[in-house]
Amino acid sequence: YRMANTLMPPTLITNNYERAEAFLAEHKDVAIKPIAGGQYIERITSLDDLPKWVNGQALCYQQFIVGTNVRTFVIGNEVYTADITTDHNDFRVDENFIYTPIETSPALRHRALDITKKLGYKWTAIDWIRTDNELYFLEANFSPMFLYFEEQTEFPISEALSKLLV
C-alpha cells in the first residue's frame with residue numbers, strides 16, 4: 001500500500017461481489033466510490049449498505065480513515081495544498097466546507113509530483129487524509145474542479161494552468 005513513499009489505505013477496485021464481501025469482512029469501515037465518477041463517497045460497514053446507484057458497476061473500496069481531508073493541486077511543477085474543513089464523509093456534499101491554504105512540505109511536494117508523473121498527468125488534484133502521524137493518498141483526479149479552491153486559497157491555479165497550456 002505504498003506509492004512514491006506514500007501510504008495508501010487498503011484499496012480494492014472491483015465489481016465482484018465476493019471480493020468486495022471479503023474486503024469488507026477484513027476492513028469493516030469502508031468508503032466506496034465509483035471509479036468513473038458521478039456519485040459521492042458513501043461509507044459502509046457491510047454489503048447490505050450498498051446504495052442503489054451501485055447497480056453492478058466497478059467500485060473503489062477503501063478502508064475509511066478518520067482524519068483531515070487535504071487537497072493538493074499539481075500543475076506542471078507548481079504544487080499548491082490546502083486543508084479541507086468539513087464534518088462530512090465526502091466534503092463535496094458539504095455546502096460549507098472550507099479550504100485553508102497550508103505550506104506544501106518538500107516531502108509532500110515530492111510525493112505529489114511523483115504521483116502526477118507516474119500517472120502521466122500534466123495537472124491533477126490529489127486527495128489525501130492526514131491523521132496524527134501519517135498522510136494517506138486517496139486518489140488523483142485527472143479533471144478536477146478548481147475555481148472554488150482558487151477563490152478560497154488565493155493560489156494562482158488559473159494562471160498556472162494557463163501557463164501550462166501555452
Any idea how many residues of the stretch 111-121 are among the small types (G, A, S), exposed (fewer than 13 other Cβ atoms within 10 Å of the Cβ) and more than 23 Å from A36 (Cβ to Cβ)? 0
Whichever residue in the stretch 20-56 is part of a strand (DSSP E or B) and of a type in the set (D, E, K, R) and, among such residues, is modelled with the highest pLDDT: R43
Taking the stretch 106-132, which residues are closer than 21 Å to G67 by Cα and either touching a Pro at 6+ places or on another chain (Cβ under 8 Å) or charged (D, E, K, R) (or both)? R109, R111, A125, D127, I129, R130, D132
(1) buried (at least 16 other Cβ atoms within 10 Å of the Cβ); (2) closer than 20 Å to A140 by Cα; (3) of a type in the set (A, V, I, L, M, F, W, C) all hold for V93 apart from (1)
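Condition first: of a type in the set (S, T, N, Q), free of Cβ contacts under 8 Å to residues at least 24 places away in the same chain and in contact with a strand residue (DSSP E or B) (Cβ under 7 Å, 6 or more places away or on another chain). Now tell me which residues in the stretch 55-92 satisfy that. So that I can check it myself, show each step before the final result.
As a first pass, look at the stretch 55-92 and keep what is of a type in the set (S, T, N, Q): 55, 57, 62-63, 68-69, 72, 77, 81, 85-86, 89.
Within this subset, residues satisfying the condition of being free of Cβ contacts under 8 Å to residues at least 24 places away in the same chain are 55, 85-86.
Result: T85, T86.
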Scanning the stretch 122-163 residue by residue, the ones that are among the aromatic types (F, W, Y), closer than 24 Å to K33 by Cβ, open to solvent by less than 50 Å² (accessible area, probe 1.4 Å) and assigned to a loop (DSSP other than H, G, I, E, B) total 1
How many residues are hydrophobic (A, V, I, L, M, F, W, C), within 18 Å of Y40 (Cα to Cα) and part of a helix (DSSP H, G or I) if we restrict to the stretch 82-121? 2
Please determine, by comparing only the residues of the stretch 57-81 that are part of a strand (DSSP E or B) and open to solvent by 60 Å² or more (accessible area, probe 1.4 Å), which one is nearest to Q152 (Cα to Cα). E78
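Would you point out the residue of the stretch 77-119, among those that are polar (S, T, N, Q) and within 14 Å of the chain's Cα centre (by Cα), that is modelled with the highest pLDDT?
From the stretch 77-119, those polar (S, T, N, Q) are 77, 81, 85-86, 89, 96, 100, 104-105, 116; that's our starting set.
From what's left, within 14 Å of the chain's Cα centre (by Cα): 81, 89, 116.
Details: T81: 98, N89: 84, T116: 95.
Checking each candidate, the answer is T81.
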Which of the residues belonging to the stretch 28-40 are touching an Asp or Glu at 6+ places or on another chain (Cβ under 9 Å) and open to solvent by 50 Å² or more (accessible area, probe 1.4 Å)? Y40
Answer yes or no: is there a residue in the stretch 10-19 that is touching a strand residue (DSSP E or B) at 6+ places or on another chain (Cβ under 7 Å), in a loop (DSSP other than H, G, I, E, B), open to solvent by 20 Å² or more (accessible area, probe 1.4 Å) and under 15 Å from D127 (Cβ atoms). no
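The values are calculated or read from the model by the stated rules, or taken from the named source; none is laboratory data. Source: prediction; values computed, not measured. Because the Cβ atoms are built from the backbone with ideal geometry, glycine has one as well, and the counts that use them run over all protein chains shown. Side chains are part of the model used for accessible areas, which takes the heavy atoms of the whole protein and leaves out ligands, DNA and RNA. Shrake-Rupley method; radii C 1.70, N 1.55, O 1.52, S 1.80 Å.
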